[in-house]
1. Looking at PHE15, PHE37, which is the one that is touching a Phe, Trp or Tyr at 6+ places or on another chain (Cβ under 8 Å) and of a type in the set (Phe, Trp, Tyr)?
2. Could you go through the stretch 131-144 and let me know if any residue there is buried (at least 16 other Cβ atoms within 10 Å of the Cβ), in contact (Cβ under 8 Å) with a residue 12 or more places away in the chain and part of a strand (DSSP E or B).
3. Being of a type outside the set (Val, Ile, Thr) and at pLDDT 95 or above narrows it down to one residue among GLU36, GLU122, GLU117, GLU80; which is it?
4. Against the definition (touching a strand residue (DSSP E or B) at 6+ places or on another chain (Cβ under 9 Å), buried (at least 19 other Cβ atoms within 10 Å of the Cβ) and of a type in the set (A, V, I, L, M)), how does LEU68 come out, yes or no?
5. Only residues that are within 14 Å of LYS48 (Cβ to Cβ) and polar (S, T, N, Q): list them for the stretch 210-249, please.
6. Select from the stretch 78-98 the residues that are of a type in the set (A, V, I, L, M) and either in a helix (DSSP H, G or I) or without any contact (Cβ under 8 Å) to a residue 24 or more places away in the chain (or both) and list them in ascending order.
7. Out of all the residues in the stretch 211-244, which are at pLDDT 90 or above, outside any strand (DSSP E or B) and under 18 Å from ASP31 (Cα atoms)?
8. Go through the stretch 59-74 residue by residue and tally those that are under 21 Å from ILE200 (Cβ atoms) and in a helix (DSSP H, G or I).
Amino acid sequence: MSKKILEIKELKREFIMGSETVHALRGISFDVEAGEFVTIMGSSGSGKTTLLNILGCLDKPSIGNYYLDGVDVKSLSRDELAKLRNHKIGFVFQAYNLLPRTTALENVELPLLYNKEVSAAERRERAIHALESVKLADRQDHTPSQLSGGQQQRVAIARALVNEPVMILADEATGNLDSRTSYEIMALMQELNANQGKTIVFVTHEPDIASFSSRTIQLRDGRIQKDTKIEVKRSAKEVLENLPVTDDY
């Protein structure tokens, strides 16, 4: 029996703006099982960002329940939410969010600085291992300005992996990258999912990127419009191999 990493039950999120109530989410329900690679799609105003904030434990639903790895998120205090976020979720952002004057290795170590159970030696060892898993071990002493956009995103993915989270939550993680580099990042995501069994929830507005996942949840006006299993997902590695060498990406 598969383990559920996410359980979303009749989730609603409402905001008061002046005299009006904005219904950002209107009763959303879905589960994500361990080892799934799910993309969440939706245009501006679909509720995608609100859902992302709730999934990332940055916000709580107005109504409904959210369970992350069996933990009822709605019942947690702010400090408990922060602890859960740090231990259970690995974030990957569109803008990388790396510290500019800090090496790749030090950037990857950052989430572990808040974990008192991890020694400095273990922190370094785990950060090196995470960089190895994204094929950047030879760039560990480089600062972000010495790395390409794709390499910076790989550092961000290594940082997301270092805490050994139950879920990687990626927010438009290919949004700042050219096509070839986007495919390289998606090939890495597919590899982490297939070879290491990582559970990935990838938020995107690009159907091309969503086609590399095994399931797509489409949002519209705060509701799930479609929840589609992709029977034959595209291989980002194959797409990369078939790109013309002369292509100016």
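1. Of the residues listed, the single one that is touching a Phe, Trp or Tyr at 6+ places or on another chain (Cβ under 8 Å) and of a type in the set (Phe, Trp, Tyr) is PHE37.
2. Scanning the stretch 131-144, I find no residue that is buried (at least 16 other Cβ atoms within 10 Å of the Cβ), in contact (Cβ under 8 Å) with a residue 12 or more places away in the chain and part of a strand (DSSP E or B), so the answer is no.
3. GLU36
4. yes
5. Once the filter is applied, which keeps residues that are within 14 Å of LYS48 (Cβ to Cβ) and polar (S, T, N, Q), the stretch 210-249 yields THR216, GLN218, GLN225.
6. Result: LEU81, ALA82, LEU84.
7. Selection gives SER213, SER214, GLY222.
8. The qualifying residues number 1.
The values are calculated or read from the model by the stated rules, or taken from the named source; none is laboratory data. The structure displayed is predicted, hence computed values, not measured ones. Ideal geometry is used to build each Cβ from the backbone, glycine not excepted, and the neighbour counts take in all protein chains shown.
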